[in-house]
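Q: My questions will all concern the structure given below.
The values are calculated or read from the model by the stated rules, or taken from the named source; none is laboratory data. Please read these numbers as outputs of a predicted model, since none were measured by experiment. So basically every Cβ, Gly included, is an ideal-geometry build from the backbone, and we count neighbours across all protein chains shown.
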Amino acid sequence: MPAKDMCHDQVKHSLIKDGWTITDDPYVIKYEDAELYADLAAQKPFAAERQGQKIVVEIKSFIGKSLMYDFHSALEQYLVYRKLIQLTEPEYTVYLAVDHATYTGFFQRKSVQAVISENHLLLHSCKYPKGGNSTMDKIERYRDVIKKILTEYYEMAKNKVVEDREVEVSDRLAFDEARDEYIWFRFGWDDNKLIQYIIMYLRIKNGKIWVEEDATNLCVVDDLLLAEVPQSDIVLGFHPPSKRAFTEFATA
């Protein structure tokens, strides 16, 4: 099951556990000549009700190459949904649900918080089930977490780069899901000097995330832990095998 579907089910089940009754899944918005609903394969809004309270939840998966672009798209869709629901069924309150890794990472950026505050977004954080429902579920989630973290780092670094026409050096991302290898690297020419080195390199092996290289001060391990990847599923590959046993993480 794709991570986005797991998040949908997790949000729905958590609401049911908290006493909500799911009334529409998906929830269709109809106004005059407009009929809106989310793509069932990517994001599914649904309605729920509890003791007279009614909510509509729009779930957004941040799995694109740019988290800021995904945020821009989610914000526009949320605002359209909220306005049309206010016109048709004003008793409903609209929430935007995102996965826990995106919520605790990208959504805590000051620029994003400013936009959230200005537009009065109501957010719901989706925590994946610990361990997933199967090994494949877990690996799919780990892929999603790694891509989100690396993309956020890449965008932060890219925004700080000062363009120089004399220098053809740029940061790049390479995601190979078939082999589960994920790299953030720098490559290009500085005059006659070839620049090429790995900034961060993560991979998934035997159901665990291997941190093979981290040449930053960003501490990717902390962000993996924030995304609820257990220490037992993180291998510090940049340490030799003889030293891994002295860490709090997996050895292999």
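Q: Report whether or not Ala215 is modelled with pLDDT of 90 or more, closer than 21 Å to Tyr69 by Cα and of a type in the set (Gly, Ala, Ser).
A: no
Every residue, every condition in (1) surrounded by 14 or more Cβ atoms within 10 Å (Cβ to Cβ); (2) touching a strand residue (DSSP E or B) at 6+ places or on another chain (Cβ under 6 Å), yes or no:
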residue: Lys54; (1), (2): yes, yes
residue: Glu58; (1), (2): yes, yes
residue: Ser61; (1), (2): yes, no
residue: Ser66; (1), (2): yes, no
residue: Asp70; (1), (2): yes, no
residue: Glu76; (1), (2): no, no
residue: Leu79; (1), (2): yes, no
residue: Leu84; (1), (2): yes, yes
residue: Tyr92; (1), (2): yes, yes
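Q: How about the stretch 16-33: which of its residues are over 19 Å from Pro90 (Cβ atoms) and touching a Pro at 6+ places or on another chain (Cβ under 9 Å)?
A: Passing the criteria: Asp25, Pro26.
Q: From the residues in the stretch 21-39 that are at pLDDT below 80 and in a loop (DSSP other than H, G, I, E, B), which one is surrounded by the most Cβ atoms within 10 Å (Cβ to Cβ)?
A: Once the filter is applied, the top-ranked residue is Ala38.
Q: Just a yes or no: is a residue in the stretch 186-201 assigned to a helix (DSSP H, G or I) and outside the structural domain of Gly105 (by TED's automatic domain parsing)?
A: There is no residue in the stretch 186-201 that is assigned to a helix (DSSP H, G or I) and outside the structural domain of Gly105 (by TED's automatic domain parsing).
Q: For the stretch 214-242, how many residues are in contact (Cβ under 8 Å) with a residue 40 or more places away in the chain, under 21 Å from Tyr154 (Cα atoms) and either part of a strand (DSSP E or B) or of a type in the set (D, E, K, R) (or both)?
A: Selection size over the stretch 214-242: 1.
Q: Of the numbered conditions (1) touching a helix residue (DSSP H, G or I) at 6+ places or on another chain (Cβ under 7 Å); (2) at pLDDT below 80; (3) farther than 30 Å from Thr151 by Cβ, Asp18 fails exactly one; give the number of that condition.
A: (1)
Q: Could you please let me know if Val211 is assigned by TED's automatic domain parsing to the domain that holds Glu168, hydrophobic (A, V, I, L, M, F, W, C) and part of a loop (DSSP other than H, G, I, E, B)? Before the answer, list the steps.
A: On the way: assigned by TED's automatic domain parsing to the domain that holds Glu168: yes; hydrophobic (A, V, I, L, M, F, W, C): yes; part of a loop (DSSP other than H, G, I, E, B): no.
Criteria not met by Val211.
Q: Keeping to the stretch 243-252, report how many residues are surrounded by 14 or more Cβ atoms within 10 Å (Cβ to Cβ) and part of a helix (DSSP H, G or I).
A: 1
Q: Can you tell me which residues in the stretch 95-105 are β-branched (Val, Ile, Thr) and surrounded by 21 or more Cβ atoms within 10 Å (Cβ to Cβ)?
A: Across the stretch 95-105, the qualifying residues are Val98, Thr102.
Q: Return the residues of the stretch 113-143 that are under 23 Å from Phe175 (Cβ atoms) and modelled with pLDDT under 90; say none if nothing qualifies.
A: Once the filter is applied, which keeps residues that are under 23 Å from Phe175 (Cβ atoms) and modelled with pLDDT under 90, the stretch 113-143 yields Cys126, Tyr128, Gly132, Ser134, Thr135, Met136, Asp137, Lys138, Ile139, Glu140, Arg141.
Quick grid of which residues meet (1) touching a Lys or Arg at 6+ places or on another chain (Cβ under 6 Å); (2) surrounded by fewer than 16 Cβ atoms within 10 Å (Cβ to Cβ):
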{"residue": "Ala178", "(1), (2)": "no, yes"}
{"residue": "Met200", "(1), (2)": "no, no"}
{"residue": "Trp210", "(1), (2)": "yes, no"}
{"residue": "Asp214", "(1), (2)": "no, no"}
{"residue": "Asn217", "(1), (2)": "no, yes"}
{"residue": "Asp223", "(1), (2)": "no, no"}
{"residue": "Ser232", "(1), (2)": "no, yes"}
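Q: Counting only residues that are of a type in the set (A, V, I, L, M) and not in a strand (DSSP E or B), which one in the stretch 91-112 is modelled with the lowest pLDDT?
A: This residue is Ala101.
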